[in-house]
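Structure first, commentary second.
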Amino acid sequence: MKELSPQQIQENWEKLRSLINETFAGERLDDLNKMYDYFEERMMLAPASGKEHFHNAHPGGYVEHVLHITDLVVQIYDLWGKNGATIDDFDKEELIFAALHHDLGKVGDLSEDYYTPNDSDWHRKNQGLIYKHNGKLQFMTVTDRAIWLLQHFGIQMSENEYLGLRLTDGMYEEANKSYYISYSKDRQLKTNIAYILHQADMMASKIENDEWARGDHDIKVEKEEEVKKKSQQSAAANQAFKDLFGE
Ligand SMILES: [Fe+2]
């Protein structure tokens, strides 16, 4: 299973807070910082999903996923623009705001985490069910909870941001059908922000799943251990040489 070191979790958290400070300004930045201060400890350690075969089901996985989609969404926005799509009806701040908060509901409510560690070792090992949904929470979709939390902290959002964040899950969310499938001209989405966010989210989640399936993390840890072992061996050999022949 993938595991982030405490330093990596801390670094990702700092990256996230810097991105927020660089992207937003004024009253909205103050309100955002209040929310991020409030959730600091819980958000830093939250996973992005409960099942290891989904994506980033490890402590710190939520922040890692949010940084991942934020990076990809800007690349995809540029790609759409370069290829002739209309992207001037929204800006990068709106795009980043929606990307940063599309999964906010996964942090939980004001007092309870959304995911709790699975206490069944059998389910963790045999079915990859690393976390369970916390039964103490009111039922809400992740997106509804994201919007509820943002309004709780008085964080304003534009119509584009609302649509982008609301529709990031694309057609994987049944409730999004009426937005994406429209047979009437007037009801068609009038902005591409949702399509771009959905592509970025899909890409980020799929890459995270691929990394897990290939065991990238385990391979990296094995290599690091091998390097450590080799350097310990050569230090021991150097010491033996010095003991035998002097400095
Ligand atoms: Fe996501």
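The values are calculated or read from the model by the stated rules, or taken from the named source; none is laboratory data. All values reported here derive from a predicted model rather than from experimental measurement. Virtual Cβ from ideal backbone geometry, glycine too; neighbours counted across all protein chains shown.
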Take region 169-210 and flag every residue that is closer than 22 Å to GLU94 by Cα and aromatic (Phe, Trp, Tyr).
TYR179, TYR180, TYR195
Hey, among LEU45, LEU4, which residue is buried (at least 17 other Cβ atoms within 10 Å of the Cβ) and in contact (Cβ under 8 Å) with a residue 40 or more places away in the chain?
LEU4
I need a count of the residues in region 60-96 that are at negative phi, surrounded by fewer than 19 Cβ atoms within 10 Å (Cβ to Cβ) and not aliphatic (A, V, I, L, M).
13
Would you say VAL107 is in contact with a Leu (Cβ under 6 Å, 6 or more places away or on another chain) and of a type in the set (A, V, I, L, M, F, W, C)?
no
Looking only at region 221-247, and only at residues there that are surrounded by 10 or more Cβ atoms within 10 Å (Cβ to Cβ) and among the acidic types (Asp, Glu), the one that is nearest to GLN8 (Cα to Cα):
GLU224
What's the total number of residues in region 61-117 that are within 16 Å of the ligand (Cβ to nearest atom) and acidic (Asp, Glu)?
3
Restricting attention to region 136-148, does a residue exist that is away from the ligand (no atom under 16 Å from the Cβ), out of contact with any Leu (no Cβ under 7 Å at 6 or more places or on another chain) and within 25 Å of LYS92 (Cα to Cα)?
yes
Does region 181-195 contain at least one residue that is surrounded by 12 or more Cβ atoms within 10 Å (Cβ to Cβ), within 10 Å of the ligand (Cβ to nearest atom) and not hydroxyl-bearing (Ser, Thr, Tyr)?
no
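Quickly run through region 209-228 and pick out the residues that are within 16 Å of the ligand (Cβ to nearest atom) and within 10 Å of LYS2 (Cα to Cα). Please lay out each step first, then the result.
We begin by selecting, within region 209-228, every residue within 16 Å of the ligand (Cβ to nearest atom); these are 209-212.
GLU211, TRP212 - these are the residues of region 209-228 that are within 16 Å of the ligand (Cβ to nearest atom) and within 10 Å of LYS2 (Cα to Cα).
Residues are listed down the side, and each one gets a yes or a no for (1) touching a helix residue (DSSP H, G or I) at 6+ places or on another chain (Cβ under 6 Å); (2) within 30 Å of SER158 (Cα to Cα):
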{"site": "TYR172", "(1), (2)": "no, yes"}
{"site": "ASN176", "(1), (2)": "no, yes"}
{"site": "ALA194", "(1), (2)": "yes, yes"}
{"site": "LYS206", "(1), (2)": "no, yes"}
{"site": "GLU211", "(1), (2)": "no, no"}
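Check whether at least one residue in region 162-173 is surrounded by 12 or more Cβ atoms within 10 Å (Cβ to Cβ), at positive phi and within 16 Å of the ligand (Cβ to nearest atom), and report yes or no. Reasoning before the result, please.
From region 162-173, those surrounded by 12 or more Cβ atoms within 10 Å (Cβ to Cβ) are 162-171, 173; that's our starting set.
Narrowing further to those that are at positive phi: 170.
Still in the list and also within 16 Å of the ligand (Cβ to nearest atom): 170.
Among the residues of region 162-173, at least one is surrounded by 12 or more Cβ atoms within 10 Å (Cβ to Cβ), at positive phi and within 16 Å of the ligand (Cβ to nearest atom), which makes the answer yes.
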Evaluate region 120-130: report whether one residue or more is surrounded by 12 or more Cβ atoms within 10 Å (Cβ to Cβ), free of Cβ contacts under 8 Å to residues at least 24 places away in the same chain and β-branched (Val, Ile, Thr).
no
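Per-residue answers, yes or no, for (1) of a type in the set (A, V, I, L, M, F, W, C); (2) modelled with pLDDT of 85 or more:
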site: LEU189; (1), (2): yes, yes
site: TYR195; (1), (2): no, yes
site: HIS198; (1), (2): no, yes
site: TRP212; (1), (2): yes, yes
site: LYS223; (1), (2): no, no
Matching residues in region 62-112 - criterion: being under 18 Å from the mean Cα position of the chain (by Cα) and outside any helix (DSSP H, G or I)
HIS102, ASP103, GLY108, ASP109
From (1) more than 16 Å from the ligand (Cβ to nearest atom); (2) in a loop (DSSP other than H, G, I, E, B); (3) more than 14 Å from the chain's Cα centre (by Cα), pick out the condition that doesn't hold for ASP31.
(2)
Show me the helices (runs of 4 or more DSSP H) entirely contained within region 170-247 in which 3 or more residues are under 29 Å from GLU52 (Cα atoms).
193-214, 216-245
